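In what follows, a structure is listed as structure tokens, so that the remarks can point back to it.
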Amino acid sequence: MVDAQDHRIKLTRTFTNDVQGIIELIDWTRTVAVVQRRHFVLELTAAYHELAAMRLHCVGLVLVISVVDPAKVRALARGLGILSKTNLMDALLLAQYARLA
């Protein structure tokens, strides 16, 4: 999650790519995005990114939601010399991509 005003990385969290993960994402969103507008970055996946983006939009909070191409995020990683692929690294790269895009 990136602060929508100053574009600093605030929090990273990884959720499973299924309905339960989306439920957990929505619950977490309600706790972290109440005071300030936040920017949520989702990787384009086979199907769940659409449901997650739609559910985030319907939460009723002021959010910026971006769905990004994973190939572009991997290209950023390669450009930064990052070869490892972990959930934490993916989350940090997505947040960095959102800051730069």
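Every number here is computed from the coordinates shown, using simple stated rules; none is lab data. Please read these numbers as outputs of a predicted model, since none were measured by experiment. Methodologically, a virtual Cβ is constructed for each residue, glycine included, from the backbone with ideal geometry; neighbour enumeration extends over all protein chains shown.
Details
- Net charge over other residues, Cβ less than 15 angstrom from the Cβ of H57 (K, R count +1; D, E count -1): +3
- Placed amide H near I65: partners under 5 Å, 5+ positions off or other chain: F40
- The label-point distance for W28 and D69, in a model that sets each label 7 Å from Cα toward Cβ, rounds to 2.6 nm.
- Between T14 and L83, full extension at 0.36 nm per residue minus the direct alpha carbon distance yields a gain of 22.9 nm.
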